[in-house]
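Below is one structure, written out as structure tokens; the observations come after it.
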Amino acid sequence: MKIFLYILFGFFAGIVGGMGMGGGTILVPLFSFLDVPQYLIQTINLFSFLPMCLMALVLHFKNKLVQPKNTLWIILPAIVTSLIGAIFAGKTTNQVLSTCFGVFLVVIGGWQLVVGIKAAKVSYMHKLLNNTPTDIV
């Protein structure tokens, strides 16, 4: 049964990762339901990210969706801080790692909710302003 769940989780993570949203957003919470230790979840997530990323990049390059002009400014600090994060994760308990990830998800979820509400308000106001009586006739 666990192997079936791993395959299912990989399927969902691949879809989300292929869209550029990060398969770990799916993998980490799902694996935590199986009582997998947090450090192992993070290891699985990082290892599975490599083929997902490679396939998504190939397709995005093929579809001319990648504009690598300014990516160096993201890649260099990400490399340095990922080393710092890996050192931190290696010296931290499962409880702290789980809590940090949970707080991260709550913050991101709250931010996405605020952004979504603002976008809905703008869309609604745009419809109200453009729906004059002359449009109805």
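Worth a mention:
- Correct option for Kirkwood radius over Cα pairs in Å [calculated from the coordinates] among (i) 16.4; (ii) 17.5; (iii) 18.1: (iii)
- Within the chain, the longest segment free of exposed loop sites, counting trypsin sites (Lys or Arg not before Pro) that fall outside DSSP classes H, G, I, E and B and have at most 16 other Cβ atoms within 10 Å, spans 1-63.
- Extension gain from Ile7 to Met19, taking 0.36 nm per residue of separation minus the Cα-Cα distance: 2.5 nm
- If the segment from Leu59 to Ala120 were pulled out straight at 0.36 nm per residue, it would be longer than the present Cα-Cα gap by 18.8 nm.
- Theoretical gain in end-to-end length, Ile84 to Thr71 [0.36 nm per residue, Cα-Cα removed]: 2.7 nm
Every number here is computed from the coordinates shown, using simple stated rules; none is lab data. Just so it is clear, the model here is predicted, and its values are computed rather than measured. Don't worry about glycine lacking a Cβ; one is built from the backbone with ideal geometry, like all the others, and counts go over all protein chains shown.
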